Amino acid sequence: MLSEDVVRAYRVPTEAIETVAREEQAEVERREHEYGQGAPLTNLRSRIVILVDDGPATGSTMRAAVQAVRQHQPARVIVAVPVGAPDTGDVFADVTDETVCARTPEPFRAVGLWYRDFSETTDDDVRSLLRQHADRLPTGGRQS
């Protein structure tokens, strides 16, 4: 999600935006291939979808995730975050059915300050979690 105000304020050239967009699209495609490994996507139609983030900074990534999920016609979309700014619920009110934020400390300076370990999740971590999930499915790893 592109913030036109930021683009104007910092005079970001269109070429720079297009370059970053191409790079990000390539990364999304890499992750889909890497994590999906040929498995079909879960059918989200008429399901309750809970999107979890360790704590939204600007909220733009979560907004994009909600919009992507909405294309699959879920029954409800819930955003859940363990920690966020006091206005976290309001930030997503226009795109979610519900927002759950466990802690809203004041002052809220940065997400990472509220964790003992705020390290990145690796591709290996994601693959391992996806395998664990697939192993628990009664359909032998297939989701409908």
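The values are calculated or read from the model by the stated rules, or taken from the named source; none is laboratory data. Bear in mind that the values here come from a model prediction, so they are computed numbers and not experimental data. Here the Cβ positions follow ideal geometry from the backbone for every residue, glycine too, while neighbour counts run over all protein chains shown.
Couple of notes before you dig in:
- The sole residue among 104, 122, 139 that is at pLDDT 90 or above and within 25 Å of residue 77 (Cβ to Cβ) is 104.
- The listed residues are 96, 58, 88, 104, and the only one of them that is surrounded by fewer than 14 Cβ atoms within 10 Å (Cβ to Cβ), in the same structural domain as residue 121 (by TED's automatic domain parsing) and out of contact with any His (no Cβ under 8 Å at 6 or more places or on another chain) turns out to be 58.
- The residues in the range 1-55 that are on the phi > 0 side of the Ramachandran plot, in contact (Cβ under 8 Å) with a residue 40 or more places away in the chain and surrounded by fewer than 10 Cβ atoms within 10 Å (Cβ to Cβ) can be counted, and the count is 0.
- Subset tally (residues that are farther than 22 Å from residue 115 by Cβ, modelled with pLDDT of 85 or more and in a helix (DSSP H, G or I)) for the range 32-81: 7
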